[in-house]
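All remarks here apply to the structure that follows.
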Amino acid sequence: MTAKWIDISQPLSSRIAHWPGDIPFSYELSFTKEQTGSVNLGQLTTSLHTGTHIDAPFHFDSRGTTVLELDLNVFIGKARVIDVFHLKEIGAAQLKALNIEGSERLLLKTMPNSQPYVFPEKATPLHPDLGPFLKEEGICLIGVDVPSVDLFDSKDMAVHHSFCENGVHILENIVLDHVTPGDYELIALPLPIEGADGSPVRAVLRPLAND
């Protein structure tokens, strides 16, 4: 029997946390079936970095590639979930001590419980030396269960730039509470938004069959 897909996305609703000062998510019916005589029509307003999303390089580099220019193959394929909640910092030295050999995409479980409706006060720091290390390990994507791979007050976005310079793509605000560490198939496709700096995704995992 084929394993079921596991949703690791934050549900989008008016209650979901957003970056302080950014545009919150909202959905409402513009027209009801009673008004149109045939269908309900909804509309949404949101920042592209609310909820589970990917960052395009254009987000932190005005000359960087936009969402529509990204290689979709990066967001589909083998991924490894690892538990790093016990670490005070996550850098090359820390990941070298863990089993990441053979990973293509790395999803980091940094919190024991996700809180989609509360913007976190802090997160486990990621070190910029991860970029070259992940490239050396052949990893093309890193996912985190917090709103950003950089510290929330960062202005230089050193970790974002390190990942970009080393071909490592970024997936943020995933939910791994209910996911056992191990190897999975990941689908986290961005929407084809022309010129965009990021995109919401519906991120899902499916356990890889044992050989």
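Numbers below:
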quantity: The lone exception for residue 142 - which of (1) touching a Phe, Trp or Tyr at 6+ places or on another chain (Cβ under 8 Å); (2) over 15 Å from residue 74 (Cα atoms) it fails; calculated: (2)
quantity: Given (1) crowded, with 19+ Cβ neighbours inside 10 Å; (2) modelled with pLDDT of 95 or more; (3) not in a strand (DSSP E or B), number of the condition residue 114 does not satisfy; calculated: (2)
quantity: Residue check, residue 102 surrounded by fewer than 18 Cβ atoms within 10 Å (Cβ to Cβ) and either in a loop (DSSP other than H, G, I, E, B) or out of contact with any Gly (no Cβ under 6 Å at 6 or more places or on another chain) (or both); calculated: yes
quantity: Top-ranked residue in the range 33-52 [being β-branched (Val, Ile, Thr) and either modelled with pLDDT under 95 or surrounded by 12 or more Cβ atoms within 10 Å (Cβ to Cβ) (or both); ranked as farthest from the chain's Cα centre (by Cα)]; calculated: 46
quantity: Pick from the range 26-43, criterion of a type in the set (Val, Ile, Thr) and either assigned to a loop (DSSP other than H, G, I, E, B) or touching a helix residue (DSSP H, G or I) at 6+ places or on another chain (Cβ under 9 Å) (or both), ranking: nearest to residue 15 (Cα to Cα); calculated: 32
quantity: Hits in the range 16-32 (condition: touching a Phe, Trp or Tyr at 6+ places or on another chain (Cβ under 6 Å) and under 15 Å from residue 45 (Cβ atoms)); calculated: 16
quantity: Segments classed as strands (runs of 3 or more DSSP E), wholly inside the range 119-206, with at least 3 members that are farther than 19 Å from residue 70 by Cα; calculated: 182-187
quantity: Which listed residue, of 112, 116, 147, is touching a residue at least 60 places away in the same chain (Cβ under 8 Å), within 18 Å of residue 197 (Cβ to Cβ) and not β-branched (Val, Ile, Thr); calculated: 147
quantity: Only listed residue being under 16 Å from the mean Cα position of the chain (by Cα) and either modelled with pLDDT of 95 or more or over 15 Å from residue 75 (Cβ atoms) (or both), chosen from 189, 208, 134; calculated: 189
quantity: Boolean, residue 55 is buried (at least 20 other Cβ atoms within 10 Å of the Cβ), among the charged types (D, E, K, R) and within 30 Å of residue 156 (Cβ to Cβ); calculated: yes
quantity: Criterion: among the charged types (D, E, K, R), farther than 21 Å from residue 192 by Cβ and surrounded by 12 or more Cβ atoms within 10 Å (Cβ to Cβ) - qualifying residue of 7, 61; calculated: 7
quantity: Selection from the range 173-184 of residues that are surrounded by 15 or more Cβ atoms within 10 Å (Cβ to Cβ) and in contact with a Pro (Cβ under 8 Å, 6 or more places away or on another chain); calculated: 173, 175, 183, 184
quantity: Looking only at the range 145-158, and only at residues there that are touching a Ser or Thr at 6+ places or on another chain (Cβ under 9 Å) and more than 24 Å from residue 76 (Cβ to Cβ), the one that is surrounded by the most Cβ atoms within 10 Å (Cβ to Cβ); calculated: 157
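The values are calculated or read from the model by the stated rules, or taken from the named source; none is laboratory data. Computed from a prediction, not measured in an experiment: that's the story for all the values here. Heads up, the Cβs are rebuilt from the backbone with ideal geometry, glycines too, and the neighbour counts pull from every protein chain shown.
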